[in-house]
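Participant: Once you've had a glance at the structure underneath, I'll fire off some questions.
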Amino acid sequence: MPSLINSYTSLKLNRLKQKNFYDIYITLIKRTPRYFRNSLLLSSIKNEGFNAKEFVPPELLSKELNSFNSNFIYKLSNKDKNEFMRSFNYKKIIKSANKIVNNKMEVFRKNINYRSGLPDWHSSIDIDSHWPMKSNMEINYQDNSNYGDPKYVWELNRFLHFSDLGRAFWLTENPIYSNRIVDELQDWFHQNQFMYGINWIEGMEVAIRAINWIFSFEYVKKSRQFKRIEEDFIISLYLHGYYIKENLSDKWRKNNNHIIVELVGLIILGNFFKSTNFGKDWISFASKFLIKELNNQVLEDGFIWESSTSYHKFVCELVFLSERFLSLDSSPYLKEICDCLINMINALLASIKPDGKVCNIGDSDDGYIMNYLDNTPTNPGFLKSIGISHGIKECFYDASQSEYSYWFNDESSKFTCVAPPSGLTSFPSSGLFFFNDKRGDRKIWCSFNAGNQNADCLGAGHRHADLLSIQVNINGQDLIIDGGTYKYYGTKAIRNQFKSTFLHSTSNINGTSQIQFKERFETARKYNAKSKILDYSPTSRSIIAEHDGYLTRYSTMIKRDIKILDEIEIIDSKNGKNNLPFNVNYLIPDEVNVERISSNEYIIGNSLRLVSNSSNLKSALHNSYCSQKYGELTKCLILTFTTEDHVIYTTISFEKN
């Protein structure tokens, strides 16, 4: 027990230090029962071993295989393979499946490692190391110096690749793909003892894995190969559900996306086991809890509280999946979840750029649930399925066919694209503003991040020091950007550099950050920054906002006044008496040409003319790095204007190509 306590304390203490006393009290109250339950279970496993058949409910092993997942989202027997191959790039699916069976799979663009011809489920992948096979309470998953970034091993163990194997088997009936699914499952059961190892630590990883197993089950359940593992498969899925329910991430006063993933996973697992009493209980329990969490985590304007558009997209997909599964039996919880989903979707739609990708504000770990051709870390393919399910034409953000809609709605035709509304769309609770306009053959999109307006949301683990930042995209080309995330579990210095103000298109004082990050995901109030929207008008397309990120250090408030009419007019200002350098940064992708006209005037990508003015204004163009995909660095440029005055005036005009 002492070693477990030391490990637990080592991992959590620094995170708790960023909380106030009340938050720490709430966390201890919530987490302590779970800690002792798991300690007792692990002690029993160590002393007596673990017999999974004796652990599961007796009713489970008496069921026939066809009683599981009997009411699913779709029936393969109703799907037309020829229609699918006419409508979608099925060769891409088979090519991906062949890479998997030929042991050439990648995670975040890195080759995975293999053991006896199958994935090494505990390999670090990003470094030459291996996660230990200790009890899950003895593993410090933030020990990046010894084991690397756990996101890599977790991504492999989410089993998104099973979608490619399963669809390839359905399309070709070649047993090489179903054999691979069965072989990997059998090996995973053997290599991942319950409650041991890196893959039994985070409930959200357990839930995503279970969801992908259940969807792959539909493809291979009638195959001859599956017979040899069907009992182990059913038992392991039960253990996944048991783990989720007993280890929910209900650990803060305000929880995050993790618990939503877990609850949706429990709903889908409950549907799989619906013929059992515990399956029905899981659905009821998770549905009630999900409504509670959505009410607590979704702001009035529809965005989640975490200050991240990527995680908002991620949660939207999860809520949609829960709504689809609950609709199979007309659940009494369906309407409330559906109403919340529609509110969230309206927010997500505004964040989509002309290239069909969700813009990057705050953290992104490239997370998504269903691995379909049109559903990627940045492309929200599930939106079209929502559009069909709920009659929301605005969800048809482009005209391409949707594989998501094929599986969920039996729809494989192209869509009539619905253009986003012109003008300024405002989300005052989350502090996000989006501008869309079509001028001739140019589609103009801009964002302005005033910052979350709720003081209870300042501790969001996925927020960046990006208050008052802008982004600009024309015809799908990013011209002024956000610096991205890179990695969660590299060194803290690199993690916090990407979260810092320097890598966002906004102002700073003396090159310092609005927020002083001490941990990877938590920020104490004394190091934080609070913003305030002073005024905004969709009619005049203007926003004025300020923040106090430099108030304690420099006795200075920062303000940005932005108006988007024929051109973008920006007034950046600071108050106070300090004469420290006042900087405004604009991040520009490396592939975009930047032409210097004068010390205060630049042409960006032959599309934007940026002119700044102030007393003794200086400008410089720096080489730097950003990250548009998890774990991948790309070059970028940072255009910096500097003055010791208190105001910088900027005009960004749209050039005619």
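Participant: Given the options S627, S615, name the one that is at pLDDT 95 or above, on the phi < 0 side of the Ramachandran plot and among the small types (G, A, S).
Facilitator: Details: S615 fails: at pLDDT 95 or above.
Residue meeting the stated conditions: S627.
Participant: Read through the list (1) within 20 Å of G483 (Cβ to Cβ); (2) β-branched (V, I, T); (3) open to solvent by less than 10 Å² (accessible area, probe 1.4 Å), then give the number of the only condition that I337 fails.
Facilitator: (1)
Here's the yes/no breakdown for (1) under 20 Å from the mean Cα position of the chain (by Cα); (2) farther than 23 Å from E155 by Cβ; (3) open to solvent by 10 Å² or more (accessible area, probe 1.4 Å); (4) not β-branched (V, I, T):
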position: N454; (1), (2), (3), (4): no, yes, yes, yes
position: G459; (1), (2), (3), (4): yes, yes, yes, yes
position: Q471; (1), (2), (3), (4): yes, yes, yes, yes
position: N475; (1), (2), (3), (4): no, yes, yes, yes
position: L479; (1), (2), (3), (4): no, yes, no, yes
position: Y486; (1), (2), (3), (4): yes, no, yes, yes
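Participant: Examine segment 540-561 for a residue that is open to solvent by 50 Å² or more (accessible area, probe 1.4 Å), assigned to a strand (DSSP E or B) and under 30 Å from S422 (Cα atoms), and state whether such a residue exists.
Facilitator: Scanning segment 540-561, I find at least one residue that is open to solvent by 50 Å² or more (accessible area, probe 1.4 Å), assigned to a strand (DSSP E or B) and under 30 Å from S422 (Cα atoms), so the answer is yes.
For (1) open to solvent by 40 Å² or more (accessible area, probe 1.4 Å); (2) over 30 Å from L42 (Cβ atoms); (3) touching a helix residue (DSSP H, G or I) at 6+ places or on another chain (Cβ under 9 Å), each residue gets a yes or a no:
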{"site": "H240", "(1), (2), (3)": "no, no, yes"}
{"site": "K245", "(1), (2), (3)": "yes, no, yes"}
{"site": "N256", "(1), (2), (3)": "no, no, yes"}
{"site": "K292", "(1), (2), (3)": "yes, no, no"}
{"site": "V298", "(1), (2), (3)": "no, yes, yes"}
{"site": "C316", "(1), (2), (3)": "no, yes, yes"}
{"site": "M344", "(1), (2), (3)": "no, yes, yes"}
{"site": "L348", "(1), (2), (3)": "no, yes, yes"}
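Participant: Okay, next question. Can you go through R167, R180, R158 and tell me which one is open to solvent by 10 Å² or more (accessible area, probe 1.4 Å), in contact (Cβ under 8 Å) with a residue 24 or more places away in the chain and basic (K, R)?
Facilitator: On the way: R167 fails: open to solvent by 10 Å² or more (accessible area, probe 1.4 Å); R158 fails: open to solvent by 10 Å² or more (accessible area, probe 1.4 Å).
Residue meeting the stated conditions: R180.
Participant: Being buried (at least 20 other Cβ atoms within 10 Å of the Cβ), closer than 28 Å to L424 by Cα and touching a residue at least 24 places away in the same chain (Cβ under 8 Å): is that true of L565 here? Spell out the reasoning first.
Facilitator: Details: buried (at least 20 other Cβ atoms within 10 Å of the Cβ): no; closer than 28 Å to L424 by Cα: yes; touching a residue at least 24 places away in the same chain (Cβ under 8 Å): yes.
No; evaluated as a whole, the condition is false for this residue.
Participant: Looking at (1) more than 27 Å from Q401 (Cβ to Cβ); (2) surrounded by 14 or more Cβ atoms within 10 Å (Cβ to Cβ), which is the one condition that is false for S96?
Facilitator: The single condition S96 does not satisfy is (1).
Participant: If you don't mind, there's one more thing I want to ask. Please indicate, with yes or no, whether at least one residue in segment 191-201 is buried (at least 23 other Cβ atoms within 10 Å of the Cβ), over 23 Å from G367 (Cβ atoms) and more than 25 Å from the chain's Cα centre (by Cα).
Facilitator: The answer is no; no qualifying residue exists.
Participant: Right, here's the next one. Given (1) open to solvent by 50 Å² or more (accessible area, probe 1.4 Å); (2) in contact with a strand residue (DSSP E or B) (Cβ under 9 Å, 6 or more places away or on another chain), where does Y152 come up short, assuming only one miss?
Facilitator: Only one criterion is unmet by Y152, namely (1).
Participant: T512 versus (1) open to solvent by 20 Å² or more (accessible area, probe 1.4 Å); (2) in a helix (DSSP H, G or I); (3) in contact with a Lys or Arg (Cβ under 8 Å, 6 or more places away or on another chain): which is the lone unmet condition?
Facilitator: Single failed check for T512: (2).
Participant: From the set of residues in segment 258-317 that are small (G, A, S), assigned to a helix (DSSP H, G or I) and within 17 Å of the chain's Cα centre (by Cα), which is farthest from P332 (Cα to Cα)? Explain how you work it out, then say what you get.
Facilitator: Step one: filter segment 258-317 for residues small (G, A, S), giving 265, 270, 275, 279, 284, 286-287, 302, 307-308, 310.
Remaining after also requiring assigned to a helix (DSSP H, G or I): 265, 270, 279, 284, 286-287, 310.
Filter again for within 17 Å of the chain's Cα centre (by Cα), leaving 265, 310.
Numbers: G265: 19, S310: 30 Å.
It comes out as S310.
Participant: How many residues does segment 99-114 contain that are surrounded by 12 or more Cβ atoms within 10 Å (Cβ to Cβ) and touching a residue at least 60 places away in the same chain (Cβ under 8 Å)?
Facilitator: 4
Participant: Pick from segment 630-652 the residues that are of a type in the set (D, E) and closer than 13 Å to I509 by Cα: which of them is modelled with the highest pLDDT?
Facilitator: The selected residue is D645.
Participant: Here is a follow-up. Which residue out of K518, K530 is closer than 30 Å to Q142 by Cα, open to solvent by 20 Å² or more (accessible area, probe 1.4 Å), modelled with pLDDT of 95 or more and of a type in the set (D, E, K, R)? Full working, then the answer.
Facilitator: Working: K518 fails: modelled with pLDDT of 95 or more.
None of the others qualify; the one that does is K530.
Participant: Would you please list the contacts, defined by Cβ atoms under 7 Å and residues six or more apart or on different chains, that run from a residue in segment 243-263 that is touching a residue at least 40 places away in the same chain (Cβ under 8 Å) to a residue that is of a type in the set (S, T, Y) and assigned to a helix (DSSP H, G or I)?
Facilitator: K251/T27; W252/T27; N257/Y311
Participant: Moving on. Give me the pairs, please: first residue somewhere in segment 608-635 and surrounded by fewer than 20 Cβ atoms within 10 Å (Cβ to Cβ), second residue anywhere and among the acidic types (D, E), beta-carbon distance under 6 Å, and either six or more positions apart or on two chains.
Facilitator: What qualifies is R609/E655; V611/E601; S615/D645; K635/D590.
Participant: Quick check on my filter: what residues within segment 214-231 are in a helix (DSSP H, G or I) and either touching a residue at least 60 places away in the same chain (Cβ under 8 Å) or buried (at least 21 other Cβ atoms within 10 Å of the Cβ) (or both)? Even if it seems obvious, please write down each step before you answer.
Facilitator: From segment 214-231, those in a helix (DSSP H, G or I) are 214-220, 225-228, 230-231; that's our starting set.
The answer is I214, F215, S216, F217, E218, Y219, V220, E230, E231.
Participant: I'm trying to understand the selection: among the residues of segment 365-374, which are touching an Asp or Glu at 6+ places or on another chain (Cβ under 8 Å) and in contact (Cβ under 8 Å) with a residue 40 or more places away in the chain?
Facilitator: Quick first cut of segment 365-374, residues touching an Asp or Glu at 6+ places or on another chain (Cβ under 8 Å) only: 368-374.
Hits for segment 365-374 are Y368, I369, M370, N371, Y372, L373.
Participant: Within segment 575-588, how many residues turn out to be open to solvent by 10 Å² or more (accessible area, probe 1.4 Å) and in a strand (DSSP E or B)?
Facilitator: The initial filter retains those residues of segment 575-588 that are open to solvent by 10 Å² or more (accessible area, probe 1.4 Å), namely 575-581, 583.
Imposing the further condition that a residue be in a strand (DSSP E or B) reduces the set to 583.
Number of matching residues: 1.
Participant: Still on this structure: On the basis of being outside any strand (DSSP E or B) and polar (S, T, N, Q), does S615 make the cut?
Facilitator: Details: outside any strand (DSSP E or B): yes; polar (S, T, N, Q): yes.
Yes; evaluated as a whole, the condition is true for this residue.
Participant: Quick one: how many residues across segment 383-403 are open to solvent by less than 10 Å² (accessible area, probe 1.4 Å) and within 23 Å of K443 (Cβ to Cβ)? Talk me through it step by step, then tell me what you get.
Facilitator: Kept after step one, since they are open to solvent by less than 10 Å² (accessible area, probe 1.4 Å), are these residues of segment 383-403: 383-387, 395, 402-403.
Subset that is within 23 Å of K443 (Cβ to Cβ): 383-384, 386-387, 395, 402.
So the answer is 6.
Participant: Determine if segment 418-440 includes at least one residue that is open to solvent by 20 Å² or more (accessible area, probe 1.4 Å), farther than 20 Å from K393 by Cα and among the basic types (K, R).
Facilitator: Yes, segment 418-440 contains a residue that is open to solvent by 20 Å² or more (accessible area, probe 1.4 Å), farther than 20 Å from K393 by Cα and among the basic types (K, R).
Participant: Considering (1) under 25 Å from S627 (Cβ atoms); (2) in contact with a strand residue (DSSP E or B) (Cβ under 8 Å, 6 or more places away or on another chain); (3) basic (K, R), say which one K134 fails and leave the rest.
Facilitator: Evaluating K134 over (1) under 25 Å from S627 (Cβ atoms); (2) in contact with a strand residue (DSSP E or B) (Cβ under 8 Å, 6 or more places away or on another chain); (3) basic (K, R) leaves (1) as the failure.
Participant: Now for a different question. The conditions are (1) modelled with pLDDT under 90; (2) under 16 Å from E246 (Cα atoms), and L42 fails exactly one of them. Which is it?
Facilitator: L42 satisfies all of (1) modelled with pLDDT under 90; (2) under 16 Å from E246 (Cα atoms) except (1).
The values are calculated or read from the model by the stated rules, or taken from the named source; none is laboratory data. Just so we're clear, the structure is a prediction, and the values are computed from it rather than from any experiment. All Cβ positions, even for glycine, are placed from backbone atoms using ideal geometry, and neighbour counts span all protein chains on display. Surface areas here come from the heavy atoms of the whole protein model, side chains and all, with no ligands, DNA or RNA. Shrake-Rupley method; radii C 1.70, N 1.55, O 1.52, S 1.80 Å.
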